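Chemist: Please find one structure pasted underneath; my questions will follow.
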Amino acid sequence: MLKFARRSCNPAIVRIARLMDAPPVQIRVIGLNRAIAEDKFKLMLISSSTGAESHARTKLRYACETNAWIPESVVFVGQAVFAKLEPKIQEKMLELAQSAEERDWRPSQESDQDYENQLAANNLSVQQLDPLMRSSLERGGEALAWNWFKQARNEDWKVLLKYTTDRSMQ
C-alpha cells in the first residue's frame with residue numbers, strides 16, 4: 001500500500017488519493033513552490049506544465065507520464081440525442097468538434113511534450129508510470145467509474161460499460 005501525502009485539487013483526485021491511502025493535500029498552484037521547499041509532499045499528480053513551471057525539480061527527481069490532462073475538457077453528446085437534432089445542427093456540431101480537436105487537443109499534446117522536455121532539461125527523469133502506481137491509479141479510476149455506474153441512467157450505462165470493458169481489454 002502506498003503511504004504519502006498527495007497534492008489534490010478536485011473531488012475526483014481527492015477520492016483517488018483516499019482510495020490509494022494517500023491523504024490528499026490541498027495546495028493551490030500559487031503556493032506550490034513553497035510547499036515543495038517545505039517538503040509538504042513527495043508525490044504530485046499534476047500536469048507537465050505545472051511541473052515545469054514549479055520548482056518541483058529542486059526536490060523531486062522523477063516525472064511520470066500519465067496524460068491525465070489531455071484534453072482537460074471534453075463534451076459528450078448521447079447518440080440518441082444527437083440523432084434527434086436537425087441535420088444542419090448535426091453537421092455544425094461535427095465541424096465544431098473537428099475545429100476544437102485541431103485547435104485544442106493537438107496543441108495540448110504538443111505543449112505537454114514541450115513541458116516534459118523542459119522537465120528532462122531540468123534533470124528530472126521523465127518516464128512511464130511505475131506499474132504499482134499505474135495499478136493504484138487504475139483502481140481509483142475503477143472505483144470512480146463504479147460510483148458513476150450507480151448514478152447513471154440507462155443510456156449512460158451503455159457508454160460507461162463500453163468504456164470500462166474496452167479499458168479492461170487493453
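The values are calculated or read from the model by the stated rules, or taken from the named source; none is laboratory data. Note that the structure is a prediction, hence the values are computed from the model and not measured. Don't worry about glycine lacking a Cβ; one is built from the backbone with ideal geometry, like all the others, and counts go over all protein chains shown.
Chemist: If you take the residues of the range 14-67 that are outside any helix (DSSP H, G or I) and among the polar types (S, T, N, Q), which of them is farthest from GLN113 (Cα to Cα)?
Modeler: Among residues in the range 14-67 that are outside any helix (DSSP H, G or I) and among the polar types (S, T, N, Q), the one farthest from GLN113 (Cα to Cα) is GLN26.
Chemist: Run ALA5 past the list (1) of a type outside the set (Asp, Glu); (2) under 15 Å from LEU119 (Cβ atoms); (3) modelled with pLDDT under 75 and report the number of the one that doesn't hold.
Modeler: Single failed check for ALA5: (2).
Chemist: Of all residues in the range 80-114, how many are farther than 28 Å from ASN154 by Cβ and either assigned to a loop (DSSP other than H, G, I, E, B) or touching a strand residue (DSSP E or B) at 6+ places or on another chain (Cβ under 9 Å) (or both)?
Modeler: 1
Chemist: Sort through LEU137, LEU119 and tell me the only one that's in contact (Cβ under 8 Å) with a residue 12 or more places away in the chain, in a helix (DSSP H, G or I) and more than 17 Å from the chain's Cα centre (by Cα).
Modeler: When all the criteria are applied, what remains is LEU119.
Chemist: Related question: Filter the range 28-70 down to the residues that are in contact with a strand residue (DSSP E or B) (Cβ under 6 Å, 6 or more places away or on another chain), crowded, with 19+ Cβ neighbours inside 10 Å and either more than 24 Å from ARG106 (Cβ to Cβ) or among the aromatic types (Phe, Trp, Tyr) (or both) and list them by number.
Modeler: Scanning the range 28-70 gives PHE41, MET44.
Chemist: Taking VAL77 and the conditions (1) over 25 Å from GLY140 (Cα atoms); (2) modelled with pLDDT of 80 or more; (3) not in a helix (DSSP H, G or I), which numbered condition does it fall short on, given that it satisfies the others?
Modeler: So the condition that VAL77 fails would be (2).
Chemist: Quick check on the range 120-170: of everything there that is loosely packed, with under 12 Cβ neighbours inside 10 Å and among the hydrophobic types (A, V, I, L, M, F, W, C), which residue is modelled with the highest pLDDT?
Modeler: Here the residue is ALA121.
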